Amino acid sequence: MSASDPLPLTDEQVTAFWSDGYVMMDGAVSITDLVDLQASIASWVEESRNHDGPFGTTMDGRARFDVQPGHSAEQPALRRVASPQEVCDVHLRIMRDSPLVDAAAQLVGPDLVVNNVKTNCKQPGSNTVVKFHQDFAYEAHSNDDMLAALLFVDDVTPDNGPLEVIPGTHRGPVFEHWQDGVFTGTVVDEDLAHLGTPVACYGTAGSACLMHTRLVHGSAPNLTEVPRTLAIFSYRSEDSRILHPNHIPSVNEGEVVRGVVTGRIRATPYEMALGELPSTASFFDQQAQVTSG
Ligand SMILES: O=C(O)CCC(=O)C(=O)O
């Protein structure tokens, strides 16, 4: 984007992001990138049929491709690809240069760096769910000018397990994500009961939800016969420094995608328990330990 190009988000969208903690945008990527992305992900689902469990390796030795228990060649249940941009050109291209990046820079930039990238799938019949949580509880940083851009790879509908967000919760506390000494990465029912009603985010393929790192969110199973996939690009302000190891490490962590290296750190006050790195492929196993919520 050059200085003369119009900004991707209107003033109303920017205001909505800071007030509600999320905002939807259309046309977050080009049609070419969207089609390439759909093809890459479809090929990974096909490849997963050749594996009995999680497969591939990321830089910390954990599996790159995570599957839901019950996964089989006949009914593939690929649920997460960690750091897909390390093995897929179109993920890398979108991460570095797309309207989605410009929108992220408009919200938490102008100096913007990569935090992490992941792709979440809900295959038909797989019962993949994301329990309510705040991303920040997994990823302490010196300040919380951070967001996830959740790109809709497929049309997201009421029945295919849409992202659900609880507006305004990014302005409240970071809730406890440990239960009985176990990091479940989940906000428990007792805390959820005091929050508002979740709002589901629908949209056509190619649209995206830009979501603040502290917003409480989750999603239900896909009840349809077609996959629901989100490619999730997390960014932070360049002066927000990571305080413990990234739970989805990659060679691109800290890469400046917009603006400049300032060489500064900005710290804002908050208190929370540190998260715990997953020992298996992804946070789905951590969330499966929850006893309520
Ligand atoms: O895939 C989804 O529905 C939500 C993803 C999410 O919250 C996450 O991966 O942190």
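Points worth noting:
- Summed side-chain charge close to residue 93 - residues other than residue 93 whose Cβ falls under 9 Å, Lys, Arg +1, Asp, Glu -1: -3
- Normalised by residue number, the volume inside the convex hull of the Cα atoms of segment 214-293 is 173 Å³ per residue.
- Computed magnitude of the charge dipole of segment 206-293 (debye, nearest 20; Cβ of K, R +1, Cβ of D, E -1): 300 debye
- With a Förster radius of 30 Å applied to the beta-carbon distance between residue 96 and residue 288, the computed FRET efficiency rounds to 0.35.
- Screening the chain for whole DSSP H helices with an alpha carbon extent of at least 20 angstrom along the helix axis and a mean Kyte-Doolittle hydropathy of at least 0.0 yields 31-48.
- Taking a ≥ b ≥ c as the square roots of the Cα gyration tensor eigenvalues, segment 59-208 comes out rounded, since a/c falls below 1.5.
- The charge dipole of segment 11-287, taken about its Cα centre with unit charges on the Cβ of Lys, Arg, Asp and Glu (plus for the first two, minus for the last two), comes to roughly 300 debye.
- Dipole magnitude of segment 1-116 about its Cα centre (Cβ charges: Lys, Arg +1; Asp, Glu -1), debye to nearest 20: 400 debye
- Furthest towards positive pole of dipole, 13, 1, 35, structure part segment 1-57, Cβ charges: 35
- Quarter of the Cα convex hull surface for segment 11-287, i.e. its orientation-mean projected area (nm²): 13.5 nm²
- Residues 97, 180, 26, 135, arranged from fewest to most other Cβ atoms within 10 angstrom of their Cβ, appear as 180, 26, 97, 135.
- For the chain, the residue among 163, 219, 94 whose Cα projects farthest onto the positive side of the dipole built from Cβ charges is 94.
- Qualifying chymotrypsin sites (Phe, Trp or Tyr not before Pro) in segment 239-293, where qualification requires a DSSP coil assignment and no more than 16 other C-beta atoms within 10 Å, comprise 270.
- Rounded Å value of the spacing that divides the Cα centres of segment 221-293 and segment 88-133: 10 Å
- Over the residues of the chain, the helix contribution to mean residue ellipticity at 222 nm works out to -5500 deg cm²/dmol, using -39500 (n - 2.57) for each DSSP H run of at least 4.
- Of all segments of the chain bounded by GluC sites (Glu not before Pro) found in a DSSP loop with no more than 10 other C-beta atoms within 10 Å, the longest spans 75-224.
- Ordering 248, 278, 198 by the projection of their Cα atoms onto the charge dipole of segment 198-293, which places +1 on the Cβ of Lys and Arg and -1 on the Cβ of Asp and Glu, puts 198 at the extreme positive end.
- Among 65, 136, a tally of other beta-carbon atoms within 10 Å of each Cβ gives an order, fewest to most, of 136, 65.
- Residues 230, 151 arranged by fewest to most Cβ contacts within 10 Å: 230, 151
- Label zone at residue 42 (point 7 Å along Cα-to-Cβ), backbone N below 15 Å, segment 120-160: 153-155
- Modelled label reach - residue 182, point 7 Å along Cα→Cβ, segment 120-156 residues with backbone N closer than 18 Å: 129-133
We did not get these values from a lab; they are worked out from the coordinates using the rules stated. None of these values were measured; they are calculated from a predicted model. Don't worry about glycine lacking a Cβ; one is built from the backbone with ideal geometry, like all the others, and counts go over all protein chains shown.
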